[in-house]
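Peer 1: Can you keep this structure in mind? I'll have questions shortly.
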Ligand SMILES: Nc1ncnc2c1ncn2[C@@H]1O[C@H](COP(=O)(O)OP(=O)(O)OP(=O)(O)O)[C@@H](O)[C@H]1O
């Protein structure tokens, strides 16, 4: 049964347990007295301390402790590393399990040394080969029994086919001028090979009833491209190197397509090939390593085994019984820091690719670790050829072991820390391990040994192959019959049926019955036929071979096409799934956006409705307002009209009342005048000397009133001449009466002394408007009254009289008038005022244009002023009467 990685996992259900990646650490010895940054704490710990320069530069000072499965100090031999790290994996490989060993570390830390070593002290790789061949040497299949099918599988050929292939191989080797790639030419061997110290380790207990064959492949991943190091193209410098592709076989195992798989029969043969290929490996000189690997190299040892038949003689050609397992030995290129290697150009590009692929490896392991903790992330194996090729291992198709190589050099401190972190991650990754595979056959175990024992017995006792004859021949008898034919080699037996009937001849000496001539005839006839048949067979064989080759080519091409289609399909599938995911995301986003849009639309609708409602409300309000406005405007107009009419009516009535009043006042005044002229003047004149003392220009309130009331009057009172009062700036005129009769006469003799200064009687309205103006009348000594109630106010001490009126002028501005006059005591003990000055204080609004006062307004003002003055006059008259 052909066992393959995937088949083991899914088909047989052999996955029993999970094991973490085994991580070992090897410390490279220091040169001379360099400063070390590592301390090995046996058996499995390592302490990394920052070098002294870090302390000096103020860097981290903490030492870090890392634990591995085992730590090997700088004195550990190659042999002991091989024994504890690689030997278990070889045991696994021989029992059908796969294994992967890779060395990881910074450049120059000893990865290649650990993997390959040198002739005197071989590394893991030569020791693995030695051990495998030591273990299977007694059970090796003849060469070409197993033939690679170039699709990561093997075919089992019959011995004849294997022989034919061998012949062809030899012929090709002879014909090829370039020599034989498998030929071991001791003369041309590597110096390492000549004095090579072999490892004598041998694994016991392998299945003896199987035959084994070993195949090797050797590829490198350089700048993320896979090259076959066993490719003959390398010999021909003119031909460009062929990049190989990584494919998945029918059982979903990854392999390098069209990479040479060479069958090796011994360690020497394997080494010859390995060293020749090793020369092809990209190695370069850097500051940190004279021979620095610029590529990841993968040396794979495939062990193919198939059981022997029931006789323990020949290989069972059923492919299903075949077991294929492999051990991959990976020497990773070292991680590099450009600032240390100072690489440029091609070396820099290589370093970039190396670091990228190592980073992908690290990412894959990190994600694997996360996934086993419950995450479900996609592992980006395809991002690098390295991880892509080992996908199966990480998916649980074999045991994975890592050797972390570290250099103690203080300069490597930083990089060692990174390596340690990677190692820590790796150790936490659990990988499913398939159990040992055993071919399930119905044959008896130990048949090889039994067969061998039988053969030995035959040889020693001279027994016939079939063990017995029908008629045992006598000592001098030779029997030629069917039984004899069955003992003929297979090549002849094949044609047994084509030959003439076998005569049953018995040769007895002497030849009495002429058996010899008969036998000779028979042999001649059959020889002729045999040669004819042989020619025909050969022809048919070649035909068949051609047909087979053609069909194989066809099949190969078809499978290639299928593979490329498959990979295309896979890519497309991936693309489609990515697009689907994107589409789903986009759908989800679109749905989200649609939901939002719907929500917004609903909100907009709501808001629109609200706006419409508010607008209609606003319109209603506006209409109502307009209505109200119109209503009130109408009302206002009506009211205004009404008021106007009312006012006009009132005005008219007031006017008429006023006129009536004026008339009655005039009447009264006239009556007073008459009275005065009839009574007082008569009395006054009766007082001697009075008439003579009457001043010519004396002015009385009465005359003032007359002047205002009847500007042009010329009645019985006598003629009036308008004379401006001297010193009155405003041009206020007072009428000088011609008549002396009835006028209060100022008694100049009684004028009060002015030495003490004038005493003013300020007669002002009850509530004067505060003027706050600078133009205030100068009245140092004054007495302010709002009403003349007491005659003493005028008669005693007062020498000046000032009457203040306030009102609006025609422009609506405030106008204050100060009528000033001298208080002149009258002869009767009273007093009269002689107005000699009018001051007008006007408060003008700058916004209102001035307009002239109408004469009737002026008249009214004077009237008002005079009525106030009259009051005083009345009082005086009364006092006068009282006195009398
Ligand atoms: N354990 C060791 N004992 C003795 N010499 C060693 C040991 N490890 C490494 N060396 C030596 O150190 C040098 C560098 O080692 P090696 O080439 O194996 O490093 P590397 O890690 O493979 O470097 P790169 O990644 O650049 O290929 C070699 O000369 C090698 O012989």
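Rule-based calculations on the coordinates, nothing more; no lab input. Worth saying up front: this structure is predicted, and the values here are computed from it rather than measured. Here the Cβ positions follow ideal geometry from the backbone for every residue, glycine too, while neighbour counts run over all protein chains shown.
Peer 1: Could you put 304, 516, 211 in order, starting from the residue whose Cβ has the fewest other Cβ atoms within 10 Å?
Peer 2: Fewest-to-most Cβ neighbours within 10 Å comes out as 516, 211, 304.
Peer 1: If packing is taken as the average count of other Cβ atoms within 10 Å, what order do 446-453, 96-103, 222-229, 246-253 fall into, highest mean first?
Peer 2: Put in order of decreasing packing, that is 96-103, 222-229, 246-253, 446-453.
Peer 1: Once you have the Cα-Cα distance between residue 653 and residue 34, take 0.36 nm times their residue separation minus that, and quote the gain in nm to one decimal.
Peer 2: Residue separation times 0.36 nm, minus the Cα-Cα distance, leaves 209.5 nm.
Peer 1: Another one. If packing is taken as the mean number of other Cβ atoms within 10 Å per residue, what is the order of 159-169, 563-573, 380-390, 617-627, highest first?
Peer 2: Those peptides, ordered most packed to least, come out 380-390, 159-169, 563-573, 617-627.
Peer 1: Just the Cα atoms of the stretch 534-615, one point each, no solvent: what log10 I(q)/I(0) does Debye give at q = 0.18, 0.24 Å⁻¹?
Peer 2: -0.88, -1.03
Peer 1: Extending each Cα 7 Å along its Cβ direction at residue 459 and residue 555, get the distance between those two points in nm, one decimal.
Peer 2: 3.8
Peer 1: List 115, 584 from most exposed to least, where exposure is judged by having the fewest other Cβ atoms within 10 Å.
Peer 2: 584, 115
Peer 1: May I ask you to sort 85, 823 by Cβ crowding, counting other Cβ atoms within 10 Å and putting the fewest first?
Peer 2: 85, 823
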